[in-house]
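K.L.:
Once you've had a glance at the structure underneath, I'll fire off some questions.
Please treat every number below as a calculation from the coordinates, not as lab data. Since the model is a prediction, treat every value here as computed from it, not as a measurement. Positions of Cβ are generated from backbone atoms using ideal geometry, with glycine treated the same way; all protein chains shown enter the neighbour counts.
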Amino acid sequence: MKFASQIINGLSLGSIYALVALGYNMVYGIVGLINFAHGDIIMVGGYMVYVAMVVAGAPLWVAVLASILVCAFTGIFIQQVAYQRLLNSGAPRISLLITAIGASIFLQNLFQMLFSSSGKSMPSMITGAPLNIGSLQISRVTMVTIAVSVLLMAGLQLVVKKTRIGKAMRATSEDAGAAVLMGINTKRTIVFTFGLGSALAAVGSVLYSSAYPLITPYMGGMLGLKAFVAAVLGGIGSLPGAMLGGYLIAVSESLTKAFGLSKLTDAVVFGILIVILLVRPAGLLGKNTKEKV
Amino acid sequence: MPKNKKSSYLLTLALVVVLYGVSAFLVASGRINKYVSGILVMVLVNIILTVSLNLASGFLGQLVLGHAGFMSVGAYASALFTLNSGLPISVAFPLSILIAGVVAVIFGILIGIPALRLKGDYLAIITLGFGEIIKVLINFFDFTGGARGLRGIPRVVDKSSGISVEFVKFSYAFFLAVLTIYLITAFIRSRHGRAVIAIREDEIAAEASGINTTYYKLLAFVMAAFFAGVAGALYAHHLGVLNPAKFDFNYSVEILVMVVLGGMGSITGSVVSAIALTILPELLRGFSDYRMLAYSVILILVMLFKPTGLMGGYEFSLSRLVRKLRGKNKEKAEQEKVGAAK
């Protein structure tokens, strides 16, 4: 039974990884950048909920809404200030990566200055009786996490596949130059992508901090990295891949814990990353594109 | 012109010898206290780290976010060797430096092969992950001292020999830093170095010109790892204590900031910024809370407005300086000066 409950835990954490991985994936798909600051957006979202609920005493829905708005704004702000100029000038990739790292360190240290490095404990957000199946107990938080993430991922698929802006996103990621010629406002599409990815991260952060109710300025680093590993595992650029990767990473992490090696979970996650890059660099669902000269 | 090259080498050598003579005299005679000479050694350690990271990030153009990880691998390997080998320290320490480099190379190959076969930014993520894993593993195992750290690493020289420890430490550090700068400069100017720079400029074009891109990427990356390991050995025996928390992501970023600020692809820039960014925090202790915040802003601003770093690809050349100062009749004067330096 311990085993089964660890798998359930894995699925719940995996939903959060998947939500965050989607943000990496969309941004990587559209501008080819590993947005290192994406993980820290989660941290920003967590602190916004904390500020809204504990400092300002707002109800949960206001806090979640505020957190989504602030995160989307932060994501767009970073894109405008730190990436826009480099993206336009066609700077080398390493410059973009370094600014992304810079943005990530900036957010971490800014929040450390504002809220101290010791972390804040979150109020309980999702309460209710757990569900009992035999001797297996599934908490309300786990159920809500899985349900919300699955709904959001389905919604995102609809947005990308069925709406105008989704079409614009797909076109821009396929060939930005041709998209401009077809009358697509690629700049606005890129801004929208950053905003959408960051909004998903905000939801991920609310779910994460209700399952693990302690937020610190550095929580985004590891969470973001694992979500990125999930994105690579599933196939970068593929949205269903991000979900699959998220679940696989989180379940293998929970199983490592179930075997009593909880200290080594991080090592296992990166071990998986190295193996994938050796065996199937495009990821499980990724398209293996040949480079044309 | 071989003659010109020779005089340039000799001139540089003379400068290095004078620099060493003056600073070693100051350290050995105790005119510089232990605190300052400790900073000097850290400056030299950071020079080794920065110059070697510049090879991977500046010249090869691959972002490495785990340089502190390679350093920690080297530091622990060398410290465990000198602690357990039973050899006298004057033999064990030079050997341990080599071992540190080799162990770092082994890790570099293990990480580099999967990441560098691919195009794109996987190396950044993998090295970042590697730095974290190494920290986790060092904390996990007992033989590394776990989270308490490794203590009682022997000093670089026997106390009974009567030679000043500070002097020997400084000499090792100086020699290794000069050797690192020399080897990496020589590598960059060689056929192999040009291949590495070609890959940075255009990977596809380099491959089309018959350059084995994976091999050269791996070579430059592994060389950088080797010197990071060497710097780690030096660091371990300088402090005598190793704490796994020191080699975290922030330290990797600090080294990266030194490279970026100095100039991606400028060895001179790396040396200058390693000196400046090691000494400045010591002077500005009161602002240490804001250091990482300032570093992040520096990273973003430099990348936005001068993506090649402050010095760009500029290299300081002593013979060029002399030529400039002497004007037209430099040829004779330079030879005289070289003669005098001999």
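K.L.:
Provide a whole-number value for the mean count of partner chain Cβ atoms within 10 Å of the Cβ atoms in peptide B:290-297. Mind showing how you got there, number by number?
P.N.:
Details: counts 2, 1, 7, 7, 2, 4, 11, 4.
Per residue, the number of nearby Cβ atoms from other chains is 5 on average.
K.L.:
Now for a different question. In Å³ and rounded to a whole number, note down the convex hull volume per residue for the Cα atoms of the range B:136-183.
P.N.:
Details: hull volume 5.9 nm³, N = 48.
Enclosed volume per residue, from the Cα hull, is 122 Å³.
K.L.:
Just tell me how shielded A:216-226 is by partners: mean number of partner chain Cβ atoms within 10 Å of each residue's Cβ, no decimals. Walk me through the intermediate numbers first.
P.N.:
On the way: counts 0, 0, 1, 0, 0, 3, 2, 0, 0, 5, 1.
Average per residue, whole number: 1.
K.L.:
What residue among B:264, B:303, B:223 has the largest mean-square fluctuation in a Gaussian network model of chain B, using Cα springs under 10 Å?
P.N.:
B:303
K.L.:
Right, another one. In whole angstrom, how far apart do the alpha carbon centroids of the range B:95-127 and the range A:181-245 sit?
P.N.:
Each part reduced to its Cα centre gives a spacing of 28 Å.
K.L.:
When averaged across all projection directions, what area in nm² does the alpha-carbon convex hull of the protein assembly as shown cover? Don't skip to the end; give the middle numbers.
P.N.:
Values: hull surface 130.5 nm².
The orientation-averaged projected area of the Cα hull of the protein assembly as shown comes to 32.6 nm².
K.L.:
List B:289, B:248 from most exposed to least, where exposure is judged by having the fewest other Cβ atoms within 10 Å. Walk me through the numbers on the way to the answer.
P.N.:
Values: B:289 11, B:248 15.
The fewest-first ordering by Cβ neighbours comes to B:289, B:248.
K.L.:
Follow-up. Just to confirm my numbers, what's the Cα centroid distance between the range A:1-71 and the range B:274-300 in Å?
P.N.:
31
K.L.:
Could I ask something else about it? Arrange the following residues from fewest to most other Cβ atoms within 10 Å of their Cβ: A:74, B:268. Intermediate values should be presented prior to the final figure.
P.N.:
Working: A:74 23, B:268 18.
Ranking A:74, B:268 by Cβ neighbours within 10 Å, fewest first, gives B:268, A:74.
K.L.:
Which whole number of Å³ per residue matches the convex hull of the alpha-carbon atoms in the range B:76-122? Walk me through the numbers before you get to the answer.
P.N.:
On the way: hull volume 3.1 nm³, N = 47.
Measuring per residue, one finds 65 Å³ for the Cα hull of the range B:76-122.
K.L.:
In Å, what Kirkwood hydrodynamic radius results for the range A:2-218 from the alpha-carbon pair distances? Each step should come with its number before you reach the end.
P.N.:
Values: mean 1/r = 0.0547 Å⁻¹.
Computed over the range A:2-218, the radius equals 18.3 Å.
K.L.:
Now, a different point. State the volume of the convex hull built on the alpha-carbon positions of the range B:184-342, expressed per residue in Å³ and rounded to an integer.
P.N.:
Details: hull volume 32.4 nm³, N = 159.
Each residue corresponds to 204 Å³ of Cα convex hull volume.
K.L.:
Oh, and also: Can you tell me the Rg and the Dmax, both Å, for the Cα atoms in the range B:53-205?
P.N.:
18.1, 60
K.L.:
Express in % the proportion of alpha carbon pairs of the range B:29-118 at distances exceeding 21 Å.
P.N.:
Summing the P(r) of the range B:29-118 above 21 Å gives 46 percent of all pairs.
K.L.:
Moving on. Just round it to a whole percent: the fraction of Cα-Cα distances in the range A:1-105 exceeding 21 Å.
P.N.:
Working: 2587 of 5460 pairs.
Cα-Cα pairs of the range A:1-105 separated by over 21 Å account for 47 percent.
K.L.:
Another question about this same structure. Once the Cα gyration tensor of the range B:17-311 is found, what semi-axes does its equivalent ellipsoid get, as square roots of 5 times the eigenvalues, in whole Å, sorted largest first? Don't skip to the end; give the middle numbers.
P.N.:
Details: eigenvalues 182, 95, 75 Å².
After diagonalising the Cα gyration tensor, the semi-axes are 30, 22, 19 Å.
K.L.:
What aspartates and glutamates does residue B:6 reach when the alpha-carbon gap must be under 12 Å and sequence neighbours fewer than 8 apart in one chain are set aside?
P.N.:
Filter leaves B:334.
K.L.:
Using only the alpha-carbon atoms of the range A:163-222 as identical scatterers, what base-10 log of I(q)/I(0) does the Debye formula give at q = 0.17, 0.25 Å⁻¹?
P.N.:
Each listed q corresponds, in turn, to -0.65, -0.94.
K.L.:
Right, next: Give me A:30, B:188, A:249, A:133 sorted ascending by neighbouring Cβ count inside 10 Å, so fewest comes first.
P.N.:
Fewest-to-most ranking of A:30, B:188, A:249, A:133: A:133, B:188, A:30, A:249.
K.L.:
Provide the descending list of Cα extents for the range A:70-121 along its principal axes, expressed in whole angstroms.
P.N.:
Projected onto the principal axes, the Cα atoms of the range A:70-121 cover 42, 21, 14 Å.
K.L.:
Among B:266, B:74, B:284, whose Cα sits farthest toward the positive end of the charge dipole of chain B (+1 at Cβ of Lys/Arg, -1 at Cβ of Asp/Glu, about the Cα centre)?
P.N.:
Positive-end residue among those listed: B:266.
K.L.:
Let me ask something else about it. Can you give the relative contact order of chain B as a percent, counting alpha carbon pairs under 8 Å and 6+ residues apart?
P.N.:
Numbers: 499 pairs, mean separation 105.0, N = 342.
So the answer I get is 31 percent.
K.L.:
Among B:204, B:147, B:250, which residue has its Cα positioned farthest towards the positive end of the charge dipole of the range B:129-265, with +1 placed on the Cβ of Lys and Arg, -1 on the Cβ of Asp and Glu, and the dipole taken about the Cα centre?
P.N.:
Going by the Cα projections, it comes out as B:147.
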